[in-house]
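Visitor: Structure provided below as structure tokens; questions to follow.
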Amino acid sequence: MKIEWYGQACFMITSENGTKVLMDPFNKMLGYELPEIEADIVSTSHEHKDHNNVDAVKSSFILINKLGTFNEKGIEIKGVETFHDNESGAKKGKNTIYNFKIDGLNVCHCGDLGHILSEEQVKEIGNVDILLLPVGGGFTVDASNANEVRKQLNPTVIIPMHYRTKALGILGLIFAKVDKFIKVSGLKSRDFAELNVNKENLKEYEGIAVLDYK
């Protein structure tokens, strides 16, 4: 599969057979820009405008925005209820973590997760090979709590998201830089334009993969 990051919490994953899965597309309020894109499946973790801009998709698609298990175009998807804050959603509402089984690998997108997971949530999410994890704090878990979530889910590869970049301009001051998470984790990190990963080469990318935003 090919994994591309468009900024914030938005990723495009293209499977080996060409199926495109878009996660948490954002609107124009951010410094990032979404190109005109097409996708077969679109998931949204919650209904905030920087995560649910499905109008950006210029094709017909299957929308995944609910809890439960789904099988669409050969991709198994599980949506698990979590929260946008550490007060059971009292401040910022609910958040859905989606675990996608694509090309035999489990890719877990945490959306705007705001808390360390419960044992029940960890069990429900299940096995994770690649973790798309918010690390910048502000509106999500910070570097320290993100590292705890990383330990809970124990992925082979972690791709950070939702942190300060130059594209965000002054808005980025709300978030910490990715370096803070890397330091707290103690894991090796490497930079990539995109990730081309499969079951055979997964171990080659072990650790933190910092993606350039498209």
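The values are calculated or read from the model by the stated rules, or taken from the named source; none is laboratory data. What you see is a predicted model; the values in this text were computed from it and never measured. Because the Cβ atoms are built from the backbone with ideal geometry, glycine has one as well, and the counts that use them run over all protein chains shown.
Visitor: Could you tell me which numbered condition Leu63 fails, if it satisfies all but one of (1) touching a residue at least 40 places away in the same chain (Cβ under 8 Å); (2) among the aliphatic types (A, V, I, L, M); (3) surrounded by fewer than 21 Cβ atoms within 10 Å (Cβ to Cβ)?
Guide: Result: Leu63 fails condition (1) only.
Visitor: Quick check: is even one residue across the stretch 151-164 crowded, with 22+ Cβ neighbours inside 10 Å, touching a residue at least 40 places away in the same chain (Cβ under 8 Å), in a loop (DSSP other than H, G, I, E, B) and in contact with a Ser or Thr (Cβ under 8 Å, 6 or more places away or on another chain)?
Guide: Yes, there is a match, as at least one residue in the stretch 151-164 is crowded, with 22+ Cβ neighbours inside 10 Å, touching a residue at least 40 places away in the same chain (Cβ under 8 Å), in a loop (DSSP other than H, G, I, E, B) and in contact with a Ser or Thr (Cβ under 8 Å, 6 or more places away or on another chain).
Visitor: Now for a separate question. How many of the residues making up the stretch 12-27 are touching a residue at least 24 places away in the same chain (Cβ under 8 Å) and of a type in the set (D, E, K, R)?
Guide: Result for the stretch 12-27: 2.
Here's the yes/no breakdown for (1) surrounded by 14 or more Cβ atoms within 10 Å (Cβ to Cβ); (2) of a type outside the set (Lys, Arg); (3) at pLDDT below 85:
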| residue | (1), (2), (3) |
| --- | --- |
| Ile41 | yes, yes, no |
| His51 | yes, yes, yes |
| Gly68 | no, yes, no |
| Gly89 | yes, yes, yes |
| Gly93 | yes, yes, yes |
| Asn99 | yes, yes, no |
| Ile102 | yes, yes, no |
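Visitor: Cβ-Cβ under 7 Å, sequence separation 6+ or interchain: first residue in the stretch 132-147 and buried (at least 24 other Cβ atoms within 10 Å of the Cβ), partner among the acidic types (Asp, Glu). Which pairs?
Guide: Pro134/Asp112; Thr140/Asp112
Visitor: Could you tell me whether any residue of the stretch 114-127 is in contact (Cβ under 8 Å) with a residue 40 or more places away in the chain, touching a helix residue (DSSP H, G or I) at 6+ places or on another chain (Cβ under 7 Å) and not in a strand (DSSP E or B)?
Guide: yes
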